[in-house]
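Shown next, in structure tokens, is the structure this report addresses.
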Amino acid sequence: MKASLILMGLAAALTLGAPRLAAQGADGKAAYDKNCKSCHGVKGTPPAALAKQLKIVKWDAAYISARSEDSLVAVMKHGGKNMKGFDGKMTPVEMAAVAKYVKGMVK
Ligand code: HEC
């Protein structure tokens, strides 16, 4: 009885907490981890072998701060030479959240 009450409380807390987390950019991290991390790595440092093969640059603070969120969204949408675009695979809201996350990822 006690345990099930705790579980119910937990479920309620998770349900109520989700939209708030999304607004804070947790969504962006989740979407980045799912769609980008395999090539761009944790905090924009790509896996060495892949970086060499596909010509992926490491994102440092100078690179990231020079990019606007809009330009990052454009890259996500249309892709590049070796990067496929995510148009149709990610929603515009997800792309905007990832752009925000990427901007804050490298300090
Ligand atoms: C399959 C590997 C792969 C995945 C997945 C991937 N990228 Fe890329 N990305 C690349 C490669 C390769 C480049 C190098 C430039 C090119 O190919 O045009 C690149 C370049 C970029 C650049 C720099 C482009 C520029 O003009 O400076 C940005 C920004 C970027 N990716 C963002 C993302 C984001 C955000 C995601 C996830 C939504 C993502 N990428 C997913 C492979 C990938």
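The values are calculated or read from the model by the stated rules, or taken from the named source; none is laboratory data. Small disclaimer: the values here were computed from a predicted structure and weren't measured. Note that we place each Cβ from the backbone using ideal geometry, even for glycine, and neighbour counts take in every protein chain shown.
Residues in the range 58-71 that are near the ligand (Cβ under 10 Å from one of its atoms) and in a helix (DSSP H, G or I): Tyr63, Ile64, Ala66, Ser71.
The set of residues in the range 88-104 that are within 10 Å of the ligand (Cβ to nearest atom) and within 14 Å of His40 (Cα to Cα) comprises Val98, Ala99, Tyr101, Val102.
Residue by residue, here is whether (1) without any contact (Cβ under 8 Å) to a residue 12 or more places away in the chain; (2) surrounded by 15 or more Cβ atoms within 10 Å (Cβ to Cβ) holds:
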{"residue": "Ala30", "(1), (2)": "yes, yes"}
{"residue": "Lys34", "(1), (2)": "yes, no"}
{"residue": "Gly44", "(1), (2)": "no, yes"}
{"residue": "Ala48", "(1), (2)": "yes, no"}
{"residue": "Gln53", "(1), (2)": "yes, no"}
{"residue": "Lys58", "(1), (2)": "no, no"}
{"residue": "Ala61", "(1), (2)": "no, no"}
{"residue": "Ile64", "(1), (2)": "no, yes"}
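Filtered by the rule that a residue be more than 8 Å from the ligand (Cβ to nearest atom), at pLDDT 95 or above and outside any helix (DSSP H, G or I), the range 18-45 gives Gly41, Thr45. Applying a threshold of 7 Å to beta carbon distances and a minimum spacing of six or more residues, or different chains, the list of pairs starting in the range 92-107 at a residue that is touching a residue at least 60 places away in the same chain (Cβ under 8 Å) and closer than 11 Å to Asn35 by Cβ and ending at one that is polar (S, T, N, Q) and surrounded by fewer than 20 Cβ atoms within 10 Å (Cβ to Cβ) is empty. Taken over the range 72-87, the criterion of being assigned to a helix (DSSP H, G or I) and farther than 16 Å from Gly44 by Cα is satisfied by Ala74, Lys77, His78.
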